[in-house]
1. For region 37-135, which fully contained helices (runs of 4 or more DSSP H) count at least 3 residues that are basic (K, R)?
2. Suppose we keep only residues that are touching a helix residue (DSSP H, G or I) at 6+ places or on another chain (Cβ under 8 Å) and of a type outside the set (V, I, T) within region 279-291. Which one would you say is most open to solvent (accessible area, probe 1.4 Å)?
3. Is it the case that S172 is within 30 Å of D382 (Cα to Cα) and modelled with pLDDT of 95 or more?
4. Quick one: V70 ticks every box in (1) within 25 Å of A385 (Cβ to Cβ); (2) modelled with pLDDT of 95 or more bar one, so which box is it?
5. Does region 246-268 include one or more residues that are free of Cβ contacts under 8 Å to residues at least 24 places away in the same chain, under 26 Å from A184 (Cβ atoms) and either among the small types (G, A, S) or in contact with a helix residue (DSSP H, G or I) (Cβ under 9 Å, 6 or more places away or on another chain) (or both)?
6. Restricting the search to region 52-102, which residues are under 13 Å from A25 (Cα atoms), over 13 Å from the mean Cα position of the chain (by Cα) and among the hydroxyl-bearing types (S, T, Y)?
7. Residues that are crowded, with 22+ Cβ neighbours inside 10 Å and either among the hydroxyl-bearing types (S, T, Y) or at negative phi (or both): which strands (runs of 3 or more DSSP E) entirely in region 365-481 hold 3 or more of them?
8. Which ones in region 145-194 are part of a loop (DSSP other than H, G, I, E, B), in contact with a helix residue (DSSP H, G or I) (Cβ under 7 Å, 6 or more places away or on another chain) and open to solvent by less than 40 Å² (accessible area, probe 1.4 Å)?
Amino acid sequence: MTATAAARVARAPSASWPRVAGICAAISLASLVVPATLAFDPWAWLVWGREVGRWTLDTVGGPSWKPLPVAATVLLAPLGPLAAPAYLLVARTAALLAVVAVARLAGRSGGTVAAVLAGALLWLTPDGDPRFLRLVLEGHEAPWSAGLAVAGLLAVVDRRPGWALAATWLLSLLRPEAWPFLLALVVCSWLPLVAPGLVPGARTDGMWSFRARGTLRWWGLAALASIPVLWFVPDWIGSGSPLHGASTAQVLADQPLGERLVDSLATLVGSVPGPAWLLAAGAVALAWRRGDRVPAALAAAALAWSALVVAMAAVAGYAALSRFFLPGAAVVVALAAAGVVELWTLVRTAGDRRALAGALALALLGAGMLVPRTVGLADIVDEVAERGRLEDDLDRTIERAGGAAALRGCGAGVVTGGTLLRSAVAWKLDLPLSDVVLRVPDRPAVLLLESPRAIELARSRPGTVELAAGERWTAFAMRCGSVSGG
């Protein structure tokens, strides 16, 4: 979604959300013509969604379990081959709604200009890749987390406890960092005198209290109780261990604590463009001076989220990937956009030419720092398109080799030369993720290889028959006489 479109949406009343969702869905549908493919995690969730419907869930060999995206794939699994593009449509629509939410948050205090800037800056986060565009194109769930986090904060500021609870619960089904925030909301629902202090200076037309809404207190307890059930029980069933997903995510456990801490802090600093930190701080300071405490509360929430990501990396060895910081980065971006408007208004009303010249110089410096991230957008599109073409060639190779059913009939694991497409192979051949490995197994198998060296080694391996070759991929049957190719 363009920044201008995000600004128009930011001015719209809350009742227009269904119409906004329709616009985002239409844009997402049109974007499917761009060559792209899902990332490793979404393919794995599609596999798991299909297996849940068959009561054959096997979570071994995949990413860490996340309840919300798997729930989406369970609903889409009956679509068969169309489930993958349908999931990509849903994921991109949710990502564009996140852009809208950030624009609305910035537009609350900065108006249309701030909404435009926030919508534009979000595409340049959460690192210098810039990764947000990649996350949208490849169907990652991280933009959902940013949208839900901002939506929850907007609901808190607007004194809408039901929406705050719903958004935070859904966020808790995506990221464990949200669990403390959900707990805080539930505590406030039972201790209403605590709630008015959550966002000082926000709307004061009545006490913000779940108690005033009756059964929402009990819904809060139910949401809290559902977290361990939905996070640990399915993974326990699929892997034999309730902590399988947690151990899978501890990819940094072998690194020294100090190294993990430094790396995670460096990722945090780079999660937004450099000038955004200063502009956000300026927005908070100016708002505080005039008695508005809402920006400070929003900044505190963003910092708390970021601190949780850093702590989980440093203490427990979880990866502090840039996309994990995205909910906090989205809030910082919104504050920064509002800060631009605040500072410009301050300089303009001061009537000091030197101040105006200084502001323009800072603006040019900030714009210059954004150039590398902006230029990187084209590179991201090219990289994602290349992976899309690689996946298309994989589909053609599978068909030439006799089709998914024939290859699956070999009854053994599959080796693929590309790690990122390993879960895609599991989806396309209708195999558990644990049956798709990266090394040639000591048993009959179908080999789908993309590496030229691996292809040459397979051709010289006794008992291996070449089935079909595409532009990049080659299919082999190893010690499997039931597959003859096409």
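1. Filter on region 37-135 gives 83-122.
2. W288
3. Considered against the rule, which asks whether it is within 30 Å of D382 (Cα to Cα) and modelled with pLDDT of 95 or more, S172 comes out as no.
4. With respect to (1) within 25 Å of A385 (Cβ to Cβ); (2) modelled with pLDDT of 95 or more, V70 is out only on (1).
5. no
6. Y87 - this is the single residue of region 52-102 that is under 13 Å from A25 (Cα atoms), over 13 Å from the mean Cα position of the chain (by Cα) and among the hydroxyl-bearing types (S, T, Y).
7. 414-416, 445-449, 474-478
8. Of everything in region 145-194, those that are part of a loop (DSSP other than H, G, I, E, B), in contact with a helix residue (DSSP H, G or I) (Cβ under 7 Å, 6 or more places away or on another chain) and open to solvent by less than 40 Å² (accessible area, probe 1.4 Å) turn out to be L173, L174, R175, P192.
The values are calculated or read from the model by the stated rules, or taken from the named source; none is laboratory data. This one's a predicted model, so the numbers in the text were calculated from it and none came from an experiment. Because the Cβ atoms are built from the backbone with ideal geometry, glycine has one as well, and the counts that use them run over all protein chains shown. With ligands, DNA and RNA removed, areas are computed over all heavy atoms of the protein, side chains included. Shrake-Rupley method; radii C 1.70, N 1.55, O 1.52, S 1.80 Å.
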